[in-house]
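Participant: My questions will all concern the structure given below.
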Amino acid sequence: MPTYRSHVLVCGGTGCVSSGSLKLQENLKAELAKKGLDKEVLVVQTGCHGMCEAGPIVVVYPEGTFYTRVQPEDAVEIVEEHLFKGRVVKRLLHREELNAEAVAHYNELPFYSKQHRITLKNCGYINPDNIDEYIGRDGYQGLAKALLEMTPDDVINEMKISGLRGRGGGGFPTGMKWEFCKKSVSDKKYTICNADEGDPGAFMDRSLLEGDPHAVLEGMAIGAYAMGADEGYIYCRAEYPLAIKRLKRAIAQAEEYGLLGKNILGTSFSFELHVKEGAGAFVCGEETALMASIEGERGMPRPRPPFPANKGLWGKPSNINNVETWANVPQIILNGGAWYASMGTEKSKGTKVFALTGKVKNTGLVEVPMGTTIREVVFDIGGGIINDKKFKAVQIGGPSGGCLTEQHLDLPISYESLTGAGAIMGSGGLVVVDEETCMVDMAKFFLEFTQAESCGKCVPCREGTKKMLDILVRITEGNGKPGDIEKLEYLGNQIKEASLCGLGQTAPNPVLTTLRYFRHEYEAHINEKKCPAGVCSALTNYVIDPAKCIGCTKCARICPVGAISGEIKKPHAIDTEKCVKCGACAEACPVKAIARR
Amino acid sequence: MQGIEAIINGKKIIAEPGMTILQAARANGIHIPTLCDHPVLKPVGACRVCLVEVEKNPKLLTACSTPLNPGMVVHTHSPRVLEARRAVVELLLVRHPLDCFSCSSNGQCELQDVAYELGIKESRFADEGDTCRSYALEDANPFYVRDMNKCILCGRCIRTCDSLAQYHAIDFQNRGIKTMVQPPVGKDLENSDCTFCGQCVQMCPVGALSEKTSIGQGRPWEMEKVKTVCSYCGVGCELNILVNKKTGRIANVKTDYTSQTALNEGRACVKGRFAWQFVHSDERLTKPLIRENGTFREASWDEALNVVVGRLVQIREEHGPDTIGFFSSARCTNEENFLLQRLAREVIGTNNVDHCAHL
Ligand SMILES: Cc1cc2nc3c(=O)[nH]c(=O)nc-3n(C[C@H](O)[C@H](O)[C@H](O)COP(=O)(O)O)c2cc1C
Ligand code: SF4
Ligand code: SF4
Ligand code: SF4
Ligand code: SF4
Ligand code: SF4
Ligand code: FES
Ligand code: FES
């Protein structure tokens, strides 16, 4: 095998590909060839680094130099300066904010140094299209250990010791779930990987599948061995073409190596794995709807019992786990359940991957041990709020979750603590919200999503979320009535109580938690017809601050409806009757004298 | 098999193994309201009206879909259950057009019944303008009318078409509040796989589907049910003719999915269910006619039969028995067809016997 003095890792995740990383790779290779360096320096396409917004990402090893926002044109400079002359290209080093200090090395970045990457350990390090790179980092050793040294009961026992709980939302203990399925007697069983990932803003499963597909395959094979299944499905949303491509390639490679398919590693255990493309409905992530969808039916949840462990896919005992859950399995088997259980809190073990988004300086994929506080995630890893605005809340768990406030900043993250505070772990969406976000508007956004995604089967969810949404809309439009808050609370609780599946049972959470912690904002909308955050357009007006206005007339010239008047060099004023609230003036004002209030 | 013991509303009950909570309750005379459930359809747990409280279970469970386990302690009308049930029905009523006055379902409507049972007069959640009137009435075909404004999306029609009619002509479409029962995208009913067998119509718990043929023929409570066998074909479907007691005329045709005597098990085809108007047709022959010199005149049965017998005998004598042929009908019973061929072979002496299905 040829050896190289340098490896240039170029991110090939969906985020970086869309910001031009494929072209960048091409250019790098071409430049290296031009300089005759192509025998010394290897360009490797990796999976996502979790910092997609700063993409395309390039890491140069052995130094570990971390370049962000690298454009295809930058290839020339990187090759010329860094790889040829050995000088770091300072201009491309990562900066948290525009004028912040540059960070040279991967592990110096607080974003990475505070993380604890277990599930994501290979993401961004290996070429996901090459099974040898996975094997080179202990890949398939867990499977070998399970098949050759452990009985199925040993495997389940180890999973129970690890304390791993489902990462798809519910947090059900994985070992226990496997045991139910193992105990179900049947000639046929299935294992399923839930890669539907329908939460808006969530992308941890996608990144895992793109960056380290073999970890999921290996986890599923171990699970199948433990439960006595010989066939499995990965249900992946069709909007993830790259993940699907990498999964299919990974399966083919694993089959070629005898790590999937018939008589794996020469044992009597056989496991056949298929990829099924989902049609992209949020509700298809619900396990019974997902199985209906694999069976070719409309993705609608079914009542439980019967539970999948007894009657799942095609009426056969089935076990379904989330992508991240499966990806944890190989390392648990290899390093032992006790190793995994040494991380986390009393009842929530190991690590959890979050998709950190919203108003923080560093957004992206973050893997932290359970028990990490929200403050650490938002301020240490996330770097705090953009423009040093005031932190207001985090919305955890996407449309099924809830918001937590300043009083929860030091809450150690665990399934119990989040549920206790009215949010849920969910699949791990973590949206940071600052003082400029209207909580009623945010609740409305999530309810719009769940109402549109409700499968329409059961009455409370279909009709109830619509009614709640109607009420929220009228509140944000200034037509809220006394009693609306109580109606929202009552409806929310009844919808949670009476809905068939998790979608309806959690859909009211964003409304109920914002009502719990930001009731005054609702009251201001209804009683005073005011939006305290200055967001809801029906309740706010553009106003010029006469103390700040320098009378430059820019706003008056740009206003499409001629709503602004004033003499040159004197404070201007906006006629709110005429104003159509397009916001053009506020953008044009050079001294930021125009604000929404 | 041993019965299952459980407690419902404080009363010890015994049920057959495999029964759902709903079935067990019914078998023991305990009423639980339902909308999306029907005894001959697979339960789906959609309407949530049958929610009950089961001790040690944090969530309310749907009685229609949850198997009764030994020792279960069930409350079918606890305050918590009634609160949820009422909320569900009131949510259904938010959009429902209250057209009961002129609705074909009035008097047999399951939504009315549940609302009545729960004492709901109007929905607490309805606001002005909520009522659904946006779907146009679909009545292009001669058999049944669809008013999707009244549809409560229980899915009974879909399950009926899938499992009983087996045409798979309709399914849910869209999501959220836009969810609707429709034939496949882009097709109207008339160009879909629907055969207009009308089984879904009969299954609809509300007035969303109704027989066009029964419009204005009388109210449900004015009907007398007459059990009969369909006169169209040899299958012999059992039908329940609904006769308006006031007018003495047929108003509608239904079937009974749970009838012990029906070999059609509640199924019927478009003809049996919808094509009964001939019964009251003015053009229907009610007396024998004899043709003389190219025109018909009315005659008595005796006279007509005598003419037939006389001519048959005459033809056989003059031209031989094989110049005569007998055609029988699919609309006759097996017994009638059997008798006809005996008449041909044994009385006339010919094997020329055929059947309308060969024509
Ligand atoms: C509306 C809805 C959407 C869901 N979407 C997902 C999803 O995208 N991915 C996922 O893993 N689980 C999803 N779940 C949870 C699954 O139903 C199921 O609990 C999970 O896949 C089990 O795996 P786990 O035990 O590993 O978490 C969803 C649940 C609901 C109710
Ligand atoms: S809760 Fe919503 S998504 Fe779930 S079955 Fe009911 S209607 Fe469908
Ligand atoms: S918001 Fe638009 S319409 Fe209103 S004053 Fe500014 S520019 Fe004019
Ligand atoms: S379907 Fe029932 S509730 Fe609705 S209008 Fe008809 S009779 Fe009234
Ligand atoms: S009339 Fe018959 S075929 Fe047509 S949708 Fe109804 S059940 Fe199906
Ligand atoms: S048409 Fe009738 S049977 Fe079909 S879903 Fe609507 S209410 Fe139910
Ligand atoms: S895709 Fe490159 S960092 Fe996520
Ligand atoms: S009757 Fe049980 S949910 Fe509808």
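The values are calculated or read from the model by the stated rules, or taken from the named source; none is laboratory data. Not measured: the values here are computed from a predicted model. Backbone-built Cβ (ideal geometry, glycine too); neighbour counts: all protein chains shown. Only protein heavy atoms, including side chains, enter the accessible area calculation; ligands, DNA and RNA are left aside. Shrake-Rupley method; radii C 1.70, N 1.55, O 1.52, S 1.80 Å.
Participant: Just give me the residues in region B:88-105 being over 19 Å from A:Tyr490 (Cα atoms), free of Cβ contacts under 8 Å to residues at least 40 places away in the same chain, out of contact with any helix residue (DSSP H, G or I) (no Cβ under 7 Å at 6 or more places or on another chain) and not polar (S, T, N, Q), in sequence order.
Facilitator: Hits for region B:88-105 are B:Leu98, B:Phe101.
Participant: Regarding region B:188-210, can at least one residue be identified that is more than 16 Å from ligand 2 (Cβ to nearest atom), within 14 Å of another protein chain (Cβ to nearest Cβ) and not aliphatic (A, V, I, L, M)?
Facilitator: The answer is yes, given that some residue of region B:188-210 is more than 16 Å from ligand 2 (Cβ to nearest atom), within 14 Å of another protein chain (Cβ to nearest Cβ) and not aliphatic (A, V, I, L, M).
Participant: Shifting gears a bit: Could you please let me know if A:Leu512 is within 14 Å of chain B (Cβ to nearest Cβ) and assigned to a helix (DSSP H, G or I)?
Facilitator: no
Participant: Can you give me the number of residues within region A:451-505 that are of a type in the set (A, V, I, L, M, F, W, C), open to solvent by 40 Å² or more (accessible area, probe 1.4 Å) and at the interface with chain B (Cβ under 8 Å from one of its Cβ atoms)? If you could, list the steps in order and put the result at the bottom.
Facilitator: Just the residues of region A:451-505 that are of a type in the set (A, V, I, L, M, F, W, C), to begin with: A:452, A:455, A:458-459, A:461, A:468-469, A:471-473, A:475, A:485, A:488, A:491, A:495, A:498, A:500-501, A:503.
The next check asks that each one be open to solvent by 40 Å² or more (accessible area, probe 1.4 Å); those that pass are A:452, A:473.
Okay, now just the ones that are also at the interface with chain B (Cβ under 8 Å from one of its Cβ atoms), so A:452.
So the count comes out to 1.
Participant: Could you check, for region A:2-10, whether at least one of its residues is closer than 18 Å to A:Asp74 by Cβ, within 16 Å of ligand 7 (Cβ to nearest atom), more than 14 Å from every other protein chain (Cβ to nearest Cβ) and not hydrophobic (A, V, I, L, M, F, W, C)?
Facilitator: If we filter region A:2-10 for residues that are closer than 18 Å to A:Asp74 by Cβ, which is where we start, we get A:6-10.
Retained after the next criterion (residues that are within 16 Å of ligand 7 (Cβ to nearest atom)): A:8-10.
Remaining after also requiring more than 14 Å from every other protein chain (Cβ to nearest Cβ): A:8-10.
Filter once more, so that each one left must be not hydrophobic (A, V, I, L, M, F, W, C): none.
Scanning region A:2-10 turns up no residue that is closer than 18 Å to A:Asp74 by Cβ, within 16 Å of ligand 7 (Cβ to nearest atom), more than 14 Å from every other protein chain (Cβ to nearest Cβ) and not hydrophobic (A, V, I, L, M, F, W, C).
Quick grid of which residues meet (1) surrounded by 15 or more Cβ atoms within 10 Å (Cβ to Cβ); (2) on the phi > 0 side of the Ramachandran plot; (3) modelled with pLDDT under 90:
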{"residue": "A:Asp545", "(1), (2), (3)": "no, no, no"}
{"residue": "A:Cys549", "(1), (2), (3)": "yes, no, no"}
{"residue": "A:Lys554", "(1), (2), (3)": "yes, no, no"}
{"residue": "A:Ser565", "(1), (2), (3)": "no, no, no"}
{"residue": "A:Ile568", "(1), (2), (3)": "no, no, no"}
{"residue": "A:Asp575", "(1), (2), (3)": "no, no, no"}
{"residue": "A:Gly583", "(1), (2), (3)": "no, yes, yes"}
{"residue": "A:Ala586", "(1), (2), (3)": "yes, no, no"}
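Participant: Within region B:171-186, which residues are within 12 Å of ligand 5 (Cβ to nearest atom) and open to solvent by 20 Å² or more (accessible area, probe 1.4 Å)?
Facilitator: B:Asp171, B:Gln182, B:Pro184
Participant: What tally of residues in region A:335-367 results from selecting those that are in a loop (DSSP other than H, G, I, E, B) and acidic (Asp, Glu)? Walk me through how you get there before you give the answer.
Facilitator: So in region A:335-367, the residues in a loop (DSSP other than H, G, I, E, B) come out as A:336, A:342-343, A:345-348, A:350, A:359, A:361-363.
With the extra rule that they be acidic (Asp, Glu), the set shrinks to A:346.
So the answer is 1.
Participant: Every residue in region A:254-283 that is among the small types (Gly, Ala, Ser) and in contact with a Gly (Cβ under 9 Å, 6 or more places away or on another chain), please. Reasoning before the result, please.
Facilitator: To start, the set of residues in region A:254-283 that are among the small types (Gly, Ala, Ser) comprises A:254, A:258, A:261, A:266, A:268, A:270, A:278-281.
Hits for region A:254-283 are A:Ala254, A:Gly258, A:Gly266, A:Ser270, A:Gly278, A:Ala279, A:Gly280, A:Ala281.
Participant: Taking the conditions exactly as written (under 27 Å from A:Cys455 (Cβ atoms), modelled with pLDDT of 95 or more, over 32 Å from the mean Cα position of the chain (by Cα) and surrounded by 19 or more Cβ atoms within 10 Å (Cβ to Cβ)), does B:Val74 satisfy them or not?
Facilitator: For B:Val74, the condition - under 27 Å from A:Cys455 (Cβ atoms), modelled with pLDDT of 95 or more, over 32 Å from the mean Cα position of the chain (by Cα) and surrounded by 19 or more Cβ atoms within 10 Å (Cβ to Cβ) - is not met.
Participant: How many residues does region B:108-126 hold that are surrounded by 14 or more Cβ atoms within 10 Å (Cβ to Cβ) and in a loop (DSSP other than H, G, I, E, B)?
Facilitator: Final tally of qualifying residues: 8.
Participant: Shifting gears a bit: Quick check on my filter: what residues within region A:276-322 are assigned to a strand (DSSP E or B), of a type outside the set (D, E, K, R) and under 24 Å from A:Lys182 (Cβ atoms)?
Facilitator: A:Ser318, A:Asn319, A:Ile320, A:Asn321, A:Asn322
Participant: Looking only at helices (runs of 4 or more DSSP H) that lie completely in region A:85-203, which have at least 2 residues being more than 20 Å from A:Gly232 (Cα to Cα)?
Facilitator: Helices (runs of 4 or more DSSP H) meeting the threshold: A:110-113, A:131-136, A:141-149, A:152-162.
Participant: Considering only region B:13-70, state which residues are assigned to a strand (DSSP E or B) and within 11 Å of another protein chain (Cβ to nearest Cβ).
Facilitator: Scanning region B:13-70 gives B:Thr20, B:Leu51, B:Glu53, B:Leu61, B:Thr62, B:Pro67.
Participant: State which residue pairs qualify: first residue over 15 Å from A:Ala586 (Cβ atoms) and inside region A:550-567, second residue crowded, with 17+ Cβ neighbours inside 10 Å in any location, beta carbons under 6 Å apart, and separation of 6 or more residues or different chains.
Facilitator: Note: pairs meeting the criteria are A:Gly566/A:His572.
Participant: For region A:96-113, which positions are touching a helix residue (DSSP H, G or I) at 6+ places or on another chain (Cβ under 9 Å) and under 19 Å from A:Lys359 (Cα atoms)?
Facilitator: Keep residues of region A:96-113 that are touching a helix residue (DSSP H, G or I) at 6+ places or on another chain (Cβ under 9 Å), which gives A:96-97, A:102-104, A:106-107, A:110-113.
Those that are touching a helix residue (DSSP H, G or I) at 6+ places or on another chain (Cβ under 9 Å) and under 19 Å from A:Lys359 (Cα atoms): A:Glu96, A:Glu97, A:Pro110, A:Phe111, A:Tyr112.
Participant: Same structure, new question: Specify which of the listed residues (B:Lys287, B:Lys225, B:Lys271, B:Lys212) is of a type in the set (D, E, K, R), open to solvent by 50 Å² or more (accessible area, probe 1.4 Å), more than 16 Å from ligand 5 (Cβ to nearest atom) and within 15 Å of the chain's Cα centre (by Cα). Walk me through it before giving the result.
Facilitator: Values: B:Lys287 fails: within 15 Å of the chain's Cα centre (by Cα); B:Lys271 fails: more than 16 Å from ligand 5 (Cβ to nearest atom); B:Lys212 fails: more than 16 Å from ligand 5 (Cβ to nearest atom).
That would be B:Lys225, the only listed residue that is of a type in the set (D, E, K, R), open to solvent by 50 Å² or more (accessible area, probe 1.4 Å), more than 16 Å from ligand 5 (Cβ to nearest atom) and within 15 Å of the chain's Cα centre (by Cα).
Participant: Could I ask something else about it? What residue, of A:Met291, A:Met300, is in contact (Cβ under 8 Å) with a residue 24 or more places away in the chain, closer than 17 Å to A:Lys189 by Cα, open to solvent by less than 30 Å² (accessible area, probe 1.4 Å) and aliphatic (A, V, I, L, M)? Walk me through it before giving the result.
Facilitator: Working: A:Met300 fails: closer than 17 Å to A:Lys189 by Cα.
Exactly one residue qualifies, and that residue is A:Met291.
Participant: Identify the single condition in (1) at the interface with chain A (Cβ under 10 Å from one of its Cβ atoms); (2) in a loop (DSSP other than H, G, I, E, B); (3) under 22 Å from B:Cys197 (Cα atoms) that B:Ile158 does not satisfy, given that it satisfies every other one.
Facilitator: B:Ile158 satisfies all of (1) at the interface with chain A (Cβ under 10 Å from one of its Cβ atoms); (2) in a loop (DSSP other than H, G, I, E, B); (3) under 22 Å from B:Cys197 (Cα atoms) except (2).
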